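Everything on this sheet refers to the single structure shown next.
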Amino acid sequence: MKNISLDISKASCFLKEGAVAAFEPQVKAAQEALENGTCPGNDFLGWLHLPSEITPAFLAEIEATAKVLHENCEAVVVAGIGGSYLGARAVIEALSNSFGWLIQDKQNPTILFAGNNIGEDYLFELTEYLKGKKFGVINISKSGTTTETALTFRLLKKQCEAQRGKEEAKKVIVAVTDAKRGAARTCADKEGYKSFIIPDNVGGRFSVLTPVGLLPIACAGFDIKALVEGAQTMEKCCGKDVPFAENLAAQYAAVRNGLYQAGKKIEIMVNYQPKLHFVSEWWKQLYGESEGKDKKGIFPASVDFTTDLHSMGQWIQDGERTIFETVISVEEPEKKLLFPEDEENLDGLNFLAGKRVDEVNKMAELGTRLAHVDGGVPNIRISVPKLNEFYIGQLIYFFEIGCGISGNVLGVNPFNQPGVEAYKKNMFALLDKPGYEADSKAIKERLAKEA
């Protein structure tokens, strides 16, 4: 079976000859620091060999719980934010029917996502949609006090209990949380919910292959064994003893750091398959939260082509040359659709008659790549044979290990996120949360002066 592949030739050509190879000592040292646990954030390296540590018994337990939800729910709401929802959503949407929410798949429950915003209209419309439906909840939170998720879970818990009765609700509410601590753990133990543990040494954005991602993915009806197998394969392909020239993650980390040093401060993740939109969203969190600190870091952005060629294409082609692109290219789509001939040919497209739609898409991809490279935009290409569980598993681990290596080369701690606490402190102060009295007084005085 083929693996995903990496082509950096159209990116390295923008650097001095030998620039990528010159990163080999740094990349090797960075990966060895991960392996030896000597890097900053070494208490969050549980993801590093997670794929190979996953047991059949563990996957069977996940699948058994997913089966209970399957058999008892029309819909399952995944309550989580950031790394507690993006990975699962990325995999589910990459593998799902694009119109599944309209078709109402009778074999699998509808998977909904909440707890990732505080939009009152969104939550009202969600609760309205769930009225009269047999629904379950997967509450994903290590602490149980993350505002967006905790607020949503309280609403959903009350509604589920009101519609199904408290005893029945206990069977369809699952907690994915800390082993011993936190409000979500206390609630799960008190109510008797089935629960799974978020490992202490795995941060949220690296947690797709823990119950955080695996349980929702299994509930959606996808093969988590194949997903894990793909990740295991990529773990071997990107091992520390794999030569630099053959190690995809090492190459990716090297070329993106080389481009960054050459003034390319923005990396744009590009896809030509709408199903990959949330893969880009997950990737943005993974790299943005891991590398954006100490006044350093490539800014991660994303576009969906060809759609965004009609909006962002002009800027990418002719704007400030501080960008590079990483393109995820899917070699073979799941379905086949031929372009028809038309007698009148008013649109002038009969020259495409008989061709697969994907052939048109591939030529758009190639033509865009040529144009952007000519326009001064370095291009990295990740080729994925097909969109299935195995290759998505490979892609997940490739990006994770690439991020760990790249962050270490950059000289930051890739596994913390001190910057996300500032807004929480201000929000709690403005909401007069107990314990924030001094902050509340200070921020209100500040706002009064600014008014």
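Couple of notes before you dig in:
- Within the accessible surface of the chain, defined with a 1.4 Å probe on protein heavy atoms only, the carbon and sulfur portion equals 55 percent.
- Averaged per residue, the stretch 1-104 has 50 square angstrom of accessible surface, using a 1.4 angstrom probe with ligands and nucleic acids left out.
- Mean shadow area of the stretch 127-282 over all directions, Cα convex hull, nm²: 12.8
- Mean Cβ neighbour count within 10 Å, used as a protection proxy, ranking 210-221, 226-237, 127-138 highest first: 210-221, 226-237, 127-138
- Sorting 250-261, 53-64, 271-282, 298-309 by average packing, meaning the other beta carbons within 10 Å per residue, from highest down gives 250-261, 271-282, 298-309, 53-64.
- Förster-model FRET efficiency, 60 Å R0, PHE339 and GLU450, C-beta, rounded to 0.05: 0.55
- Simple rule: put +1 on each Lys or Arg Cβ and -1 on each Asp or Glu Cβ in the chain, find the dipole, and look at THR326, ILE54, GLY41; the Cα lying farthest toward the positive end is GLY41.
- Of the peptides 375-388, 416-429, the ranking by mean beta-carbon count within 10 Å, highest at the top, reads 375-388, 416-429.
- Total lysine pairs under 29 Å (Cα atoms) in the stretch 225-270, excluding pairs fewer than 8 apart on one chain: 4
- Taking all pairs of distinct alpha-carbon atoms in the stretch 322-418, Kirkwood radius in angstrom: 16.8
- Unit Cα scatterers, Debye sum, the chain: log10 I(q)/I(0) for q = 0.08, 0.09, 0.12, 0.13 Å⁻¹: -0.51, -0.65, -1.10, -1.25
- nm² value of the averaged projected area, convex hull over the Cα atoms of the stretch 155-243: 7.5
- CYS13/ALA438 FRET efficiency (R0 41 Å; Cβ-Cβ; nearest 0.05): 0.15
- Inter-part distance, the stretch 402-424 to the stretch 134-198, computed on C-alpha centroids, equals 29 Å.
- In the context of the full set of protein chains, residues of the stretch 153-292 present 36 Å² of accessible surface per residue (probe radius 1.4 Å, heavy atoms only).
- Projecting the Cα atoms of LEU102, VAL270, MET427 onto the charge dipole of the chain, computed from C-beta unit charges around the Cα centre, puts MET427 farthest toward the positive end.
The values are calculated or read from the model by the stated rules, or taken from the named source; none is laboratory data. Predicted model only: the values in this text are computed from it and were never measured. Positions of Cβ are generated from backbone atoms using ideal geometry, with glycine treated the same way; all protein chains shown enter the neighbour counts. The accessibility values were calculated without ligands, DNA or RNA, using every heavy atom of the protein model including side chains. Shrake-Rupley method; radii C 1.70, N 1.55, O 1.52, S 1.80 Å.
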